[in-house]
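**Q** Below is the structure I would like to discuss, written out as structure tokens.
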Amino acid sequence: MELYRMNIDEARSAVIRGEISPVELAGSVFERIEAVEGEIGSYVSVRKDLALSQARQAEDAIRAGDTRALPGIPIAVKDNICTRGVKTTCSSRILENFIPPYESTVTQRLAEQGYVLAGKTNLDEFAMGSSTENSFFGRTKNPWDPGRVPGGSSGGSAAAVAADECIAAVGSDTGGSIRQPAAFCGVVGLKPTYGRVSRYGLVAFASSLDQIGPITKTVKDSAILMNVISGHDPLDSTSAAVDTPDFTSVLGRDIKGMKLGVPREYFIEGLDREVAAAVNEAVKKLETLGAVPVEISLPHTEYAVATYYILATSEASSNLARYDGVKYGLRVDGDDLTDMYMKTRDEGFGDEVKRRIILGTYALSSGYYEAYYRKAQQVRTLIRRDFEKAFEEVDMVVTPTTPTPAFRAGEKTADPLQMYLSDIFTISVNLAGVPAISIPCGFTSAGLPVGLQIIGRHFDEESIFRVAYAYEQATSWHRMRPGLPE
């Protein structure tokens, strides 16, 4: 097996046993990047020199007896997560040359466990999009079909994992931006409970919704990364002061008797027939493993998209006000200060970012705040209560991750509403703050991956991993790889 095809668990074991070296592993990954990156476009920047330096340091540490969680493991990082001394662009012209003077907590924790930074991955500009077509640096392609999108906004991270251009990756999820790309690319993507993983150093889109999480080749790899990146952080005021368990300790436990809620609102008109069939088969497989499917209702699901796009755009309007050409980033000179502000933001932001800023500013404006923003917050509470009520009856909720498989590039760019609706099954999770994972559960007749979403109670990622791992081990979907050149 080529080294770049390894997952974290395999690579770590081989490195610790001395069967391969971190330099060999990194070299294999960079050879893979050179071979397929021109076809996929996963990365905004690749720092081979830095990565090989980190790999050599990991090699020295291993010779000295180092047994950390990620000894020389090449991991890709979404380019809206700050890396000190390495450009962090958010795939936007306005931050095209921004180099952070500080490290995010997540990448700091990865570094403490010995990781190698494979590169910074492409995304929809400022994480605003569902297809990775809204990037200043060009679109990322789906490794299973380059004519289709990889999902978004963490499309670069998901595509890099699917194409074996890294061993694993991290992304961010505001309304499905980890899970939807994971489903489209046939990999594993976890959105942790809000507050489980520090947001310090994550460039803010919507602060009450954003959460960093892993994108991996297997469920076990996801649990390994969660062990590294989770935990309270005093630098993040929204970080929860809760204990971090060993998420790998529950893997392999049976799921007999666990009640799985299947919400009727997720099996609706517009759900692709082949996606529905794959998800139904996955539920049947879980039933053969001892789980008990139960039909439930999440009655306010139909309001989730409208609620999300009021709250998320409102927070974006506030968060993106800092990009004014004064402190850092792009500056376009004008006749006076106001003209400079206007020209900088006009030339620095893409169309989708401008659209969301305008929508959010309108929702927060005098005379409309009560009708839109406050009402959306009230509906958000109802959506959260739907989940709380459901979890009084069931242990998990299982749904399709997306209503369709990966759609064609350009198919939805002219109709923003259709693009927004592609997140209809993931948005409620962010509004409620609960954790959810997407795992591969089949393929369409066109050879496109389908994702199964497993949703859990607040801070109960352990149960999610338990169910996801049981399903993964009973099936072979996670072993499938796109037909890219070797």
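**Q** Residue check, E165 against (1) part of a loop (DSSP other than H, G, I, E, B); (2) free of Cβ contacts under 8 Å to residues at least 40 places away in the same chain; (3) more than 27 Å from S207 (Cα to Cα), all met but one. Which one?
**A** Condition (2) is where E165 drops out.
**Q** Looking only at residues that are of a type in the set (D, E) and over 14 Å from S92 (Cα atoms) in region 304-350, which one is surrounded by the most Cβ atoms within 10 Å (Cβ to Cβ)?
**A** Per the criteria, the residue is E315.
**Q** Can you name every residue in region 373-404 that is over 20 Å from T193 (Cα atoms) and either at pLDDT below 95 or under 25 Å from the mean Cα position of the chain (by Cα) (or both)?
**A** Of everything in region 373-404, those that are over 20 Å from T193 (Cα atoms) and either at pLDDT below 95 or under 25 Å from the mean Cα position of the chain (by Cα) (or both) turn out to be A376, P403, T404.
**Q** Right, another one. Against the conditions (1) surrounded by 19 or more Cβ atoms within 10 Å (Cβ to Cβ); (2) within 23 Å of S297 (Cβ to Cβ), where does G442 fall short? Just the number, please.
**A** (2)
**Q** List every residue pair whose Cβ atoms sit under 6 Å apart, with the two residues 6 or more apart in sequence or on different chains, where the first one lies in region 290-311 and is touching a residue at least 24 places away in the same chain (Cβ under 8 Å) and over 24 Å from A363 (Cβ atoms) and the second, anywhere, is surrounded by 15 or more Cβ atoms within 10 Å (Cβ to Cβ) and among the small types (G, A, S).
**A** V294/G261; I296/G261; I296/A390
**Q** Any chance you could count how many residues in region 428-480 are basic (K, R), touching a helix residue (DSSP H, G or I) at 6+ places or on another chain (Cβ under 9 Å) and under 20 Å from I224 (Cβ atoms)?
**A** The total comes to 1.
**Q** Of the residues G176, G201, G186, which is touching a residue at least 12 places away in the same chain (Cβ under 8 Å), at positive phi and surrounded by fewer than 24 Cβ atoms within 10 Å (Cβ to Cβ)?
**A** Just one listed residue meets the conditions, G201.
**Q** Is it the case that I427 is of a type outside the set (D, E), touching a Gly at 6+ places or on another chain (Cβ under 8 Å), under 26 Å from P245 (Cα atoms) and crowded, with 22+ Cβ neighbours inside 10 Å?
**A** Values: of a type outside the set (D, E): yes; touching a Gly at 6+ places or on another chain (Cβ under 8 Å): yes; under 26 Å from P245 (Cα atoms): no; crowded, with 22+ Cβ neighbours inside 10 Å: yes.
No, not satisfied.
The values are calculated or read from the model by the stated rules, or taken from the named source; none is laboratory data. Not measured: the values here are computed from a predicted model. Neighbour counts are summed over all protein chains in view; Cβ atoms, including those assigned to glycine, are modelled from backbone coordinates with ideal geometry.
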